[in-house]
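Chemist: Mind looking over this structure? Questions follow.
The values are calculated or read from the model by the stated rules, or taken from the named source; none is laboratory data. Remember, it's a predicted structure, so these values are computed and weren't measured experimentally. Using ideal geometry, Cβ is built from the backbone for each residue, glycine included, and neighbour counts are taken over all protein chains shown. The protein model used for the area step is the full one, side chains on, heavy atoms only, and it has no ligands, DNA or RNA in it. Shrake-Rupley method; radii C 1.70, N 1.55, O 1.52, S 1.80 Å.
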Amino acid sequence: QVQLVESGGGSVQAGGSLRLSCVASGTPFVNNAMNWFRQAPGKQREWVASISSGGSTNYAASVKDRFTLSRDNAKNTVYLQMSSLKPEDTAVYYCRAIIDQRVYWGQGTQVTISS
């Protein structure tokens with residue numbers, strides 16, 4: 001059974017930083033690309049960043065140069081380091097993996113940025 005569990009969310013002021021974690025279980029993590037999405041109140045869920053099994057990363061334009069995605073295969077964990085946070089980054093952040101053509105989501109972690 002594949003499970004993704006996010007943590008690290010919280011409330012910070014604009015300009016601050018947070019680091020989100022996503023721990024995967026039930027899957028050979030090292031072989032999987034991992035993704036982060038977010039969903040703000042009243043908005044559609046949007047893609048934030050991806051990291052390949054080899055560690056290559058891609059970012060949405062809105063977070064590029066502020067967010068950094070990394071992975072620790074020994075810990076089955078991906079990390080989303082978020083800096084220079086803005087109120088518009090406020091959202092529930094979700095980790096996602098596609099494994100054997102099935103999509104798995106974590107439960108999400110709330111990030112709230114105050115101005």
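Chemist: Decide, for the chain, between rounded, prolate and oblate: order the square roots of the alpha carbon gyration tensor eigenvalues as a ≥ b ≥ c, take rounded if a/c falls under 1.5, and otherwise choose prolate if a/b is larger than b/c, else oblate.
Modeler: On the way: a/c = 1.86, a/b = 1.65, b/c = 1.13.
It comes out prolate by the Cα gyration axes.
Chemist: Within the accessible area of the stretch 32-100, what % is carbon and sulfur when the probe is 1.4 Å and the other protein chains stay in place?
Modeler: Exposed carbon and sulfur together represent 45 percent of the surface.
Chemist: What ³J(HN,Hα) values, in whole Hz, does the Karplus curve 6.51 cos²θ - 1.76 cosθ + 1.60 give for the stretch 26-37 when θ = phi - 60°, with x put for Gly and Pro?
Modeler: x, 8, x, 3, 4, 8, 9, 6, 10, 9, 10, 10
Chemist: So which lysines can residue 86 reach, going by Cα to Cα under 16 Å and dropping same-chain residues fewer than 8 places off?
Modeler: List returned: 64.
Chemist: Averaged per residue, what accessible area in Å² does the stretch 1-65 show with a 1.4 Å probe, protein chains only?
Modeler: So the stretch 1-65 comes to 55 Å² accessible per residue, rounded to a whole number.
Chemist: While we're looking at this one, here's another question. Could you report the accessible area of residue 102 in Å², rounded to 10, computed with a 1.4 Å probe on the protein chains as they sit in the structure?
Modeler: 150 Å²
Chemist: Round to a whole angstrom and tell me the spacing of the C-alpha centers of the stretch 66-94 and the stretch 1-64.
Modeler: 5 Å
Chemist: About the Cα centre of the chain, what is the dipole size in debye to 20, counting +1 per Lys and Arg Cβ and -1 per Asp and Glu Cβ, all else neutral?
Modeler: Its charge dipole is roughly 40 debye.
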